[in-house]
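First comes the structure, then the notes that go with it.
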Amino acid sequence: MCKAFLFTNEILDLKNGIFFFNTMKKKNVLMLTDWYPTKNNPIKGNFIKEQIEAIRELGYNCLIGYRNDDFHEVNPVYNKNYQFYECNYNKSKIPFWSVMKLFFSVWKMFKLVKKQHEIDLIHTHTFSVAFPASIISKIMGIKHIHTEHWSEILLKRLNKIDAFKYKFILKNAAMLLPVSKELKKSMDYYYKNH
């Protein structure tokens, strides 16, 4: 079992796949994703929406940072219980610049949220936003949880750059939540071999 799966953090507990804090103060959780139901695709990222709803039902304030071209399609009536923050990002043809542009777009969105709310935890659901969130988490001293859903991890098809970024995520997250045992095995593989 890789170190990143061992959970020793004193302020978080894990119960039935949902995290909670040992305090009565309502906490703000910044949920970062690029999959979420939209008007034109109501099933896109439905599983992420359901997890966010479960966390909200436990009494947390979920702030959603959404990185995708269809941000304007996220239906505000359908999602009236949440505040959404857009993360604008245009991919570059040069991989290094794409990574940098993505980091700075997530950083800009994070700073906007931070001006309005105290952020107690960052929770990512997609690989693309998990890497910049890991860096921001280290800089700002905010715990980061990553829920892994992506089949490319399961199939072990990451290129060298993505494998490096993924190992950084695995080493720096306070908690990793794979959605299956097989996915956990693949996560262990990337932790140990890259």
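The values are calculated or read from the model by the stated rules, or taken from the named source; none is laboratory data. Just so we're clear, the structure is a prediction, and the values are computed from it rather than from any experiment. Here the Cβ positions follow ideal geometry from the backbone for every residue, glycine too, while neighbour counts run over all protein chains shown. For accessibility, only protein heavy atoms count, side chains too; no ligands or nucleic acids. Shrake-Rupley method; radii C 1.70, N 1.55, O 1.52, S 1.80 Å.
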Which of the residues that make up the range 86-107 are touching a residue at least 12 places away in the same chain (Cβ under 8 Å), in a helix (DSSP H, G or I) and open to solvent by 70 Å² or more (accessible area, probe 1.4 Å)? Pro95, Lys101
When Glu50 is run through (1) open to solvent by 100 Å² or more (accessible area, probe 1.4 Å); (2) modelled with pLDDT under 85, the failure sits at (2)
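Tell me, which helices (runs of 4 or more DSSP H) lie completely within the range 115-194 with 3 or more residues that are surrounded by 15 or more Cβ atoms within 10 Å (Cβ to Cβ) and modelled with pLDDT of 90 or more? Full working, then the answer.
Details: elements: 127-140, 151-154, 160-172, 181-193.
Qualifying helices (runs of 4 or more DSSP H): 127-140, 160-172.
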Do any residues in the range 169-181 that are in contact (Cβ under 8 Å) with a residue 12 or more places away in the chain and closer than 17 Å to Leu32 by Cβ have Cβ atoms under 7 Å from those of residues that are charged (D, E, K, R) and surrounded by fewer than 16 Cβ atoms within 10 Å (Cβ to Cβ), where the two are at least six apart or on different chains, and which pairs are they? Asn172/Lys138
